[in-house]
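Working notes, structure below.
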Amino acid sequence: MAAFDPWDPYRDLRFAGTREHPDHGTCFIAEGRILVEDLLGAARAGRLKVISVAATTSAAAAIRGLLPPGTELLTADPSALSELAGFPFHRGLMACAQVPPAPPAAALGEARRLLVLPRLYDSENLGLLLRSAAALGLDGVLAGPGPGLWTRRTVRVSMGAVWRIPVWRAEDPWAALAAWKAAASGSEVIAAALTENAEDARAWRPGPRCALVMGPEDTGLDGAQLACCDRAVAIPMASGMDSLNVAAAGAILMFRMVGGSDKA
């Protein structure tokens, strides 16, 4: 068997998902100074493991002192990094890290503010929703089938939220949501939907334990899914627009969720 080349995880990154490392299992790629420095901080705190950092020669000097023990520093000139990645790479830094373990399934029941994404199709929407959920202080995200949590695009757009907030992945998120609801009294499941009987988001006051469900980008939540929710909430539209992008709507509703609640 040929020896493992430490540069291999960084090859052909344009549409990269996760990568397999012979010693560290499934890994992901983070890129850019802000994201790599945040990742290294999480590694120094013991929350995950960074295997290597790939840097331009000029960026290597600044990053060297931030490396956790055991993290390899790889250096190359900018043109070589661009050729390796498969696109013009101007950010100067990339890192390869081990995908951390999923949060314990039992911990889902402890979440008081939960974002639920039964099905998404776009990595950037997933990344944006994770970033908003983390920034606004939600307790976690329950996600069904869809883009990978650790693809290059999801990681990049989430700006590190993917390793900052618990994300539970379930093939049947509705069953997991039902278990969450049964875990404590007073739990409510709120659908984001432009239905006739939806409550105006400006007047919405979430209960002390609330799950917000966002539907897929193309169709939203269907009738059967809406029937699994206790009520619906909607953002009124103006200027003849029929809806917002799911990530934009999610950010607005999560802000209402944490700021306009009836606290226990």
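Each reported figure results from applying straightforward, stated rules to the coordinates on display, with no laboratory input. All figures in this text were calculated on a predicted structure; none of them were measured in a lab. Positions of Cβ are generated from backbone atoms using ideal geometry, with glycine treated the same way; all protein chains shown enter the neighbour counts.
Give me, ordered by chain and number, the residues 5 or more places off Ile51 or on other chains with an amide H under 5 Å from its own placed amide H.
Excluding prolines and chain starts, which carry no amide H, the hits are Cys96, Ala97, Gln98.
Kirkwood Rh, Cα Rg: Rg to Rh for region 8-98?
Values: Rg = 12.1 Å, Rh = 13.0 Å.
Using Cα coordinates only, the ratio equals 0.93.
Which residue, chosen from Ala76, Leu39, Pro88, occupies the Cα position most advanced towards the positive end of the dipole of the chain, where the dipole is computed from +1 (Lys, Arg) and -1 (Asp, Glu) charges on Cβ about the Cα centre?
Of the candidates, Leu39 comes out farthest on the positive side.
Just flag the trypsin sites (Lys or Arg not before Pro) in region 186-258 sitting in loop per DSSP whose Cβ has no more than 12 other Cβ atoms within 10 Å. Let's see the in-between values first.
Numbers: sites: Arg202, Arg209, Arg231, Arg256; in loops: Arg202.
Of the trypsin sites (Lys or Arg not before Pro), the ones in loops of region 186-258 whose Cβ has at most 12 other Cβ atoms within 10 Å are Arg202.
How much length, in nm to one decimal, is gained on full extension between Glu188 and Thr219, taken as 0.36 nm per residue of separation minus their Cα-Cα distance? Mind dumping the intermediate values first?
On the way: separation 31, 0.36 × 31 = 11.16 nm, distance 2.30 nm.
Length gained between Glu188 and Thr219: 8.9 nm.
Take Leu48 and Thr26, extend 7 Å from each Cα along the Cα→Cβ direction, and tell me the distance between the two endpoints in nm.
In this crude spin-label approximation the distance works out to 1.3 nm.
For the chain, what relative contact order do you get, as a whole percent, if you take Cα pairs closer than 8 Å and at least 6 residues apart?
Numbers: 500 pairs, mean separation 47.9, N = 264.
Reported relative contact order: 18 percent.
Using a Förster distance of 22 angstrom, determine the FRET efficiency expected from the C-beta separation of Arg14 and Glu171, and round it to 0.05.
On the way: r = 28 Å, r/R0 = 1.29.
Here the calculated transfer efficiency is 0.20.
Simple spin-label model, 7 Å along Cα-to-Cβ: Ser243 to Glu199 in nm?
Inter-label distance under the simple model: 2.2 nm.
Consider just the alpha-carbon atoms of the chain and return their Rg together with their Dmax, both in angstrom.
20.4, 64
Where does region 52-207 land on Rg/Rh, using Cα atoms and the Kirkwood Rh? List each step's numbers first, then the result.
Working: Rg = 19.7 Å, Rh = 18.2 Å.
A ratio of 1.08.
Taking the highest mean first, how do the peptides 24-36, 154-166, 213-225 order by number of other beta carbon atoms within 10 angstrom per residue?
Details: 24-36: 18.8, 154-166: 22.0, 213-225: 15.6.
Order by mean packing, descending: 154-166, 24-36, 213-225.
About its Cα centre, what dipole magnitude does region 156-240 give when the only charges are +1 on Lys and Arg Cβ and -1 on Asp and Glu Cβ, stated in debye to the nearest 20?
Working: 8 positive and 10 negative charges, 102 e Å.
Dipole of region 156-240, to the nearest 20 debye: 500 debye.
Angle check, please: helix 173-182 long axis (alpha carbons) against the longest principal axis of the chain (alpha carbons), in degrees 0 to 90, nearest 10.
Compared with the principal axis, the helix lies near 60 degrees.
Assuming 0.36 nm per residue, please report the length gained on full extension of the stretch Asp77 to Arg231 beyond their Cα-Cα distance. Write down the numbers at each step before the final one.
Numbers: separation 154, 0.36 × 154 = 55.44 nm, distance 5.57 nm.
That works out to 49.9 nm of additional length.
Place a label point 7 angstrom from the Cα of Ala179 along the Cα-to-Cβ direction, then list the residues of region 132-172 whose backbone nitrogen is under 19 Å away.
Taking a point 7 Å out along Cα→Cβ of Ala179, the residues of region 132-172 whose backbone N falls under 19 Å are 139-146, 166-172.
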